[in-house]
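K.L.:
The structure under discussion is supplied below as structure tokens; questions concerning it will follow.
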Amino acid sequence: MFLMVGYSGNRHKHRFNDSPLRMNDSAATIINCLHEAQLLPPRCRCCEPRTSNIEDWGFKHQDLLPLILEQWKIAAQHCQHRRRTSSYEQRCQVLQACQARDGKLLLDASVHFGSAFGQWLGWRFAWYPYGIPTGQLVGIASSRLGRRLDEKPGWFQRLRQYCRQLDPHNQLLLTVSQTAAAPYVARAAQLFEKPSLQATIIDSARWRYWGQLVWETALEVHYLGLWSTFVSPVIDPHRSPIDSSQLARIPAHDRTLISASDQIWICQLRRNGILQKLVHQRLTSHWSRPGSIRRHPSQANVDLNTNRQKYSRPSKTLSLLTVPERKASPVRHISETSFLQPPWKYLSHWTRRQDGPWPDQHQDQWLDELILEHPGRDRSALASLTRIVCQQQLLSSKDSIRGSHQVVCFTAIPLLRWSSLRCYRAHRGRWDFEPYGICIKRDWLEQAGARPVIYGDDNDWQRLAKRQRPFFQHRFGRNSSAASRWDWAIEQEWRYAQTLSLENLPGPSAFLFVPTQQEAESLAPHSRWPVVYLKSARKLV
């Protein structure tokens, strides 16, 4: 079933109660890091003589939580500042609650993750709010997936197969924040009821941020089968040499996944990518064992129906849009209609593909559609337009709108001039619009409350009344040189504040447009407005 690569079996890991690490010479460094993370009480004249024995503690235990709790207790008992005392007592209660549910603060993360983690990531603390899970760590790894996730069913099929093969009694999934597959593996673990450990690693000297994460997660609700860990920055860079300078340039979250996992199951491997470099480094390391890395074979001959599986906690909206039964609207080429007769009477709302959840959709619902290969996962421009027709509304958005006002945008530019205005937005990885949308008569929109955009500069913005600000657009943008500035007034934009309902929009007052006749015919059964297609329509301009 699988192409076996490399090594199998468990890597050696430190046992939690192994002989103590001899780190007394680093006690001062450890204490300074804990203070910087605000996990120890602030240094205080009245308390310091009583807490000075912290170095005598010797760090003979891997769990630092008892030490930290002891220091807060001492500070609460002997501090002469009443305000501080109350705060210290609250800290003690939080830490005691953590201890009661087996929370751990490991002196060395490699105690759990293995010596390879220490070689690749250095010496770091690791905070486990709900205790340390047992079992073999399985990391599902992948190269970057790109933006069009709805067009990658094979990748999600492999993810489902891997989840089916995980032994929940002896294995758990390891996900590391910011790795390519992390959000999908984490959600799949919930859907298929597989145990998982979600790791977050801080790869810079942001000690205060790491300490804040410790306190924030100390009393979080623990869901059955879901553990988390928060790994600190490097404690002592001089005592934490990394195997090679090449590794040091690779993001810490990627190194963590490949070094800390007992098993690596690969969904997608891009040639000369980061994942391939890490896999090669692991295969050539002395600690790697046969069969610990496996890559899924080609999916060309796999029957999708064999991968259907019962899942738990699915999204409540994993159903197709309800399409009302109606007679198909007429489909014609734009040249066969009177819509283009001057003067132009319409305002156009253009749409495009949606790379991610719909504006009114929760992220988990979107992930469920992808993982379970639901038909509603389609995010093409045609799917966006079909959704508008079925929901009978244009959803507002605040993207690129000054003041974050929710608006629906239109343009007064005649429809067939779209090709002269279309622009590729490199920073967003897409065209600003595609030849899909709806044209609505300007008179109807004005009565509904649509208004032309007010183009101006910062001074104009300051003079506008609050009710006018949703309709403001900086004419030349607020960056770059005068030579490269774009004049936004050329778009002749109109806006409607908030979401626009189309339920009362009469059939003769609007029409839909798409590029091809085939797409028009697929859209027509859902629409009560005429549908036109634009193929070869540029010749009419």
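K.L.:
Considering only residues that are surrounded by 12 or more Cβ atoms within 10 Å (Cβ to Cβ) and either outside the structural domain of Q246 (by TED's automatic domain parsing) or in a helix (DSSP H, G or I) (or both), which ones fall in the range 270-291? Don't jump to the end; show me each part of the working.
P.N.:
Going through the range 270-291, the residues surrounded by 12 or more Cβ atoms within 10 Å (Cβ to Cβ) turn out to be 270, 273-279, 281-283, 285, 287-289, 291.
Hits for the range 270-291 are I274, L275, Q276, K277, L278, V279, Q281, R282, L283.
K.L.:
Out of the residues in the range 258-300 that are of a type in the set (V, I, T) and at pLDDT 90 or above, which is farthest from Y162 (Cα to Cα)?
P.N.:
Initial filter on the range 258-300 (of a type in the set (V, I, T)): 258, 264, 266, 274, 279, 284, 293.
When the remaining residues are screened for being at pLDDT 90 or above, the result is 258, 264, 266, 274, 279, 293.
Details: I258: 17, I264: 11, I266: 9, I274: 22, V279: 18, I293: 13 Å.
Residue satisfying both the conditions and the ranking: I274.
K.L.:
Would you mind telling me which numbered condition in (1) polar (S, T, N, Q); (2) in contact (Cβ under 8 Å) with a residue 12 or more places away in the chain; (3) at positive phi S404 fails?
P.N.:
(2)
K.L.:
Then there is this: Has the range 240-253 got any residue that is of a type in the set (S, T, N, Q), in a helix (DSSP H, G or I) and touching a Gly at 6+ places or on another chain (Cβ under 8 Å)? Let's see the steps before the verdict.
P.N.:
Taking the range 240-253 first, the residues of a type in the set (S, T, N, Q) are 240, 244-246.
With in a helix (DSSP H, G or I) added as a condition, the list becomes 245-246.
With touching a Gly at 6+ places or on another chain (Cβ under 8 Å) added as a condition, the list becomes none.
No, the range 240-253 contains no residue that is of a type in the set (S, T, N, Q), in a helix (DSSP H, G or I) and touching a Gly at 6+ places or on another chain (Cβ under 8 Å).
K.L.:
Kindly check whether there is at least one residue in the range 435-455 that is at pLDDT 95 or above, loosely packed, with under 15 Cβ neighbours inside 10 Å and among the polar types (S, T, N, Q).
P.N.:
Yes - at least one qualifying residue is present in the range 435-455.
K.L.:
Right, another one. Please state which one of P342, P359 is closer than 19 Å to Y496 by Cα, modelled with pLDDT under 95 and surrounded by fewer than 15 Cβ atoms within 10 Å (Cβ to Cβ).
P.N.:
On the way: P342 fails: closer than 19 Å to Y496 by Cα.
Being closer than 19 Å to Y496 by Cα, modelled with pLDDT under 95 and surrounded by fewer than 15 Cβ atoms within 10 Å (Cβ to Cβ) holds for just one of P342, P359, which is P359.
Yes or no, residue by residue, for (1) modelled with pLDDT under 95; (2) among the hydroxyl-bearing types (S, T, Y); (3) more than 20 Å from C390 (Cα to Cα):
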site: D458; (1), (2), (3): yes, no, yes
site: W461; (1), (2), (3): yes, no, yes
site: W488; (1), (2), (3): yes, no, yes
site: A510; (1), (2), (3): no, no, no
site: R528; (1), (2), (3): yes, no, no
site: V531; (1), (2), (3): no, no, no
site: L534; (1), (2), (3): yes, no, yes
site: A537; (1), (2), (3): yes, no, yes
site: L540; (1), (2), (3): yes, no, yes
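K.L.:
Given the criteria surrounded by 15 or more Cβ atoms within 10 Å (Cβ to Cβ), out of contact with any Leu (no Cβ under 7 Å at 6 or more places or on another chain) and either among the hydrophobic types (A, V, I, L, M, F, W, C) or not assigned by TED's automatic domain parsing to the domain that holds D254 (or both), does A126 qualify? Please lay out each step first, then the result.
P.N.:
On the way: surrounded by 15 or more Cβ atoms within 10 Å (Cβ to Cβ): yes; out of contact with any Leu (no Cβ under 7 Å at 6 or more places or on another chain): no; either among the hydrophobic types (A, V, I, L, M, F, W, C) or not assigned by TED's automatic domain parsing to the domain that holds D254 (or both): yes.
No, not satisfied.
K.L.:
Please verify whether L415 is in contact with a Leu (Cβ under 9 Å, 6 or more places away or on another chain) and at pLDDT below 95, treating the condition exactly as stated.
P.N.:
yes
K.L.:
Hey, another quick one. Quick check on my filter: what residues within the range 374-402 are assigned to a loop (DSSP other than H, G, I, E, B) and surrounded by 15 or more Cβ atoms within 10 Å (Cβ to Cβ)? Walk me through how you get there before you give the answer.
P.N.:
Step one: list which residues in the range 374-402 are assigned to a loop (DSSP other than H, G, I, E, B), which gives 374, 378-380, 392, 395-396, 398-401.
Listed by number, the residues that qualify are H374, D378, R379, S380, L395, S396, I401.
K.L.:
Quick one: which of P153, P195, P129, P168 is more than 15 Å from the chain's Cα centre (by Cα) and closer than 30 Å to T29 by Cβ?
P.N.:
On the way: P153 fails: closer than 30 Å to T29 by Cβ; P195 fails: closer than 30 Å to T29 by Cβ; P168 fails: closer than 30 Å to T29 by Cβ.
Going through P153, P195, P129, P168 in turn, the sole match is P129.
K.L.:
Search the range 433-461 for residues that are free of Cβ contacts under 8 Å to residues at least 24 places away in the same chain and pair each with any residue that is part of a strand (DSSP E or B) and among the aromatic types (F, W, Y) when their beta-carbon atoms are under 6 Å apart and the residues are at least 6 apart or on different chains.
P.N.:
Hits for this filter: I454/F472.
Residues are listed down the side, and each one gets a yes or a no for (1) in contact (Cβ under 8 Å) with a residue 60 or more places away in the chain; (2) surrounded by 20 or more Cβ atoms within 10 Å (Cβ to Cβ); (3) in contact with a strand residue (DSSP E or B) (Cβ under 6 Å, 6 or more places away or on another chain); (4) in the same structural domain as P133 (by TED's automatic domain parsing):
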residue: P168; (1), (2), (3), (4): no, no, no, yes
residue: L173; (1), (2), (3), (4): no, yes, yes, yes
residue: A189; (1), (2), (3), (4): no, yes, yes, yes
residue: W207; (1), (2), (3), (4): yes, yes, no, yes
residue: Q212; (1), (2), (3), (4): yes, no, no, yes
residue: H222; (1), (2), (3), (4): yes, no, no, yes
residue: W227; (1), (2), (3), (4): yes, no, yes, yes
residue: I264; (1), (2), (3), (4): yes, yes, yes, yes
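K.L.:
Name the single residue, out of those in the range 390-412 being in contact with a Lys or Arg (Cβ under 8 Å, 6 or more places away or on another chain) and more than 21 Å from S501 (Cβ to Cβ), that is modelled with the highest pLDDT.
P.N.:
From the range 390-412, those in contact with a Lys or Arg (Cβ under 8 Å, 6 or more places away or on another chain) are 402-410, 412; that's our starting set.
Restricting the remaining residues to those that are more than 21 Å from S501 (Cβ to Cβ) gives 402-404, 412.
Values: R402: 91, G403: 90, S404: 91, A412: 94.
Checked the range 390-412; the qualifying residue modelled with the highest pLDDT is A412.
K.L.:
Another question about this same structure. All but one of (1) within 26 Å of L340 (Cβ to Cβ); (2) at pLDDT 95 or above hold for D368, so report the exception by its number.
P.N.:
The failed condition is (1).
K.L.:
As an exercise: evaluate G225 against (1) closer than 23 Å to D378 by Cβ; (2) out of contact with any helix residue (DSSP H, G or I) (no Cβ under 7 Å at 6 or more places or on another chain); (3) not polar (S, T, N, Q) and give the number of the one condition it does not meet.
P.N.:
So the condition that G225 fails would be (1).
K.L.:
Regarding R326, is this residue at pLDDT below 85 and either charged (D, E, K, R) or crowded, with 16+ Cβ neighbours inside 10 Å (or both)? I'd like the intermediate steps shown before the answer.
P.N.:
Values: at pLDDT below 85: yes; either charged (D, E, K, R) or crowded, with 16+ Cβ neighbours inside 10 Å (or both): yes.
Yes: the conditions hold for R326.
K.L.:
Go through the range 403-415 and report how many residues are farther than 28 Å from V532 by Cβ and not in a loop (DSSP other than H, G, I, E, B). First the steps, then the outcome.
P.N.:
Within the range 403-415, the subset farther than 28 Å from V532 by Cβ is 403-406.
Filter again for not in a loop (DSSP other than H, G, I, E, B), leaving 403-404.
Result for the range 403-415: 2.
The values are calculated or read from the model by the stated rules, or taken from the named source; none is laboratory data. The shown structure was predicted, so the numbers you read here are calculated from the model rather than taken from an experiment. Here the Cβ is made from the backbone with ideal geometry for all residues, glycine too, and neighbour counts use every protein chain on show.
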